[in-house]
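A short worksheet on the structure shown next.
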């Protein structure tokens with residue numbers, strides 16, 4: 001279940017997407033195809049909602065939150081979608097706890113809370129303001145501080161983990177929390193009261209402890225070789241892509257695609273500019289390893305999470321073209337065409353590889369809809 005919810009991390013800022021819809025003007029034909037593909041995926045999600053208002057797993061609000069966020073990104077909302085959204089949010093509200101957390105079973109609480117918060121932020125219903133405020137406070141309170149309080153004396157300090165501030169942090173959880181806090185911040189800023197906030201300096205410290213960049217990360221596994229420099233790993237002592245030997249005989253943890261896009265986006269949400277050396281380094285790694293045929297370093301594993309995080313990071317980062325050497329790649333057009341090819345006749349998407357539960361068509365169809373929403377936001 002932990003790996004399952006790792007794969008869910010990264011629901012998108014639908015508020016920003018809806019604001020960007022008027023920009024759909026540069027390529028009318030592709031724009032229309034994107035909108036049609038989104039609507040087909042949304043229709044499939046509506047048809048596959050369970051009677052209780054949830055999707056896929058009744059004890060996992062995060063999945064329902066992801067599906068709801070996908071539906072809210074569809075610019076052509078049908079009456080059936082509206083009913084499905086209402087039922088889905090009624091289900092989410094039934095799992096809100098007094099301390100601000102949102103879950104069904106008391107496990108992986110941060111995952112469920114962060115993804116649910118993103119869905120509530122996307123809906124932006126005034127009656128949910130208290131839910132949003134309390135969920136934000138809960139997530140902020142889970143920021144990891146494993147050593148002496150207030151000191152960055154542990155490589156895991158500043159990140160977010162599975163659900164306790166004393167469990168180690170990881171990149172996927174940290175991104176999900178950062179994104180939820182980013183998307184919901186403006187919804188509580190008009191209260192006049194001083195709201196709690198994450199320690200972003202600490203968050204940045206954790207993020208750079210997961211990046212292959214010797215100028216900012218002094219751990220022994222950090223590599224300067226072309227295969228890794230600038231890229232990210234899952235947490236400071238593990239890469240889901242495994243290990244490799246360096247030329248000087250050390251063991252390096254291999255960088256990989258999806259988590260490197262997560263690193264780029266996390267830096268942006270933490271306030272680093274696109275000209276910061278840490279941001280430019282990860283973008284350089286991503287450009288050198290650009291492909292749509294696989295999740296670099298992972299093959300088909302986590303492929304749709306890779307597409308989803310790619311679209312989100314490049315859109316939020318304001319990257320229109322990727323420089324891959326001699327050519328500049330129009331990633332939006334290429335990714336749109338790839339998603340069209342992979343979409344099934346019934347409107348769903350599904351990975352052939354089951355790692356991180358990407359054989360679940362609910363999970364992957366939500367990824368597909370959200371990926372195309374970001375692709376279409378600037379066409």
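The values are calculated or read from the model by the stated rules, or taken from the named source; none is laboratory data. Only a predicted model underlies this, so the values are computations on that prediction, with no experimental measurement involved. Note that we place each Cβ from the backbone using ideal geometry, even for glycine, and neighbour counts take in every protein chain shown.
Within the range 225-244, can one find any residue that is out of contact with any strand residue (DSSP E or B) (no Cβ under 8 Å at 6 or more places or on another chain) and closer than 14 Å to residue 288 by Cβ? Looking for residues that are out of contact with any strand residue (DSSP E or B) (no Cβ under 8 Å at 6 or more places or on another chain) and closer than 14 Å to residue 288 by Cβ, one finds at least one in the range 225-244, hence yes.
Residue 305 falls short of the stated requirement of being touching a residue at least 40 places away in the same chain (Cβ under 8 Å), assigned to a loop (DSSP other than H, G, I, E, B) and crowded, with 16+ Cβ neighbours inside 10 Å. Taking (1) touching a strand residue (DSSP E or B) at 6+ places or on another chain (Cβ under 9 Å); (2) farther than 19 Å from residue 157 by Cα; (3) part of a loop (DSSP other than H, G, I, E, B) in turn, residue 293 satisfies each apart from (1). Within the range 353-379, if we keep just the residues that are over 22 Å from residue 290 (Cβ atoms) and in a loop (DSSP other than H, G, I, E, B), the residue that is modelled with the lowest pLDDT turns out to be 354. One residue is enough: does the range 266-274 have a residue meeting the conditions under 19 Å from residue 211 (Cα atoms), out of contact with any strand residue (DSSP E or B) (no Cβ under 6 Å at 6 or more places or on another chain) and without any contact (Cβ under 8 Å) to a residue 24 or more places away in the chain? Yes, some residue in the range 266-274 is under 19 Å from residue 211 (Cα atoms), out of contact with any strand residue (DSSP E or B) (no Cβ under 6 Å at 6 or more places or on another chain) and without any contact (Cβ under 8 Å) to a residue 24 or more places away in the chain. Output the number of the condition that residue 38 fails; it satisfies all remaining conditions of (1) assigned to a helix (DSSP H, G or I); (2) over 26 Å from residue 160 (Cβ atoms); (3) at pLDDT below 95; (4) within 21 Å of the chain's Cα centre (by Cα). So the condition that residue 38 fails would be (3).
Scanning the range 320-352 for residues that are under 24 Å from residue 64 (Cβ atoms) and either surrounded by 24 or more Cβ atoms within 10 Å (Cβ to Cβ) or touching a residue at least 40 places away in the same chain (Cβ under 8 Å) (or both) yields 339, 343, 346, 347, 348, 349, 351.
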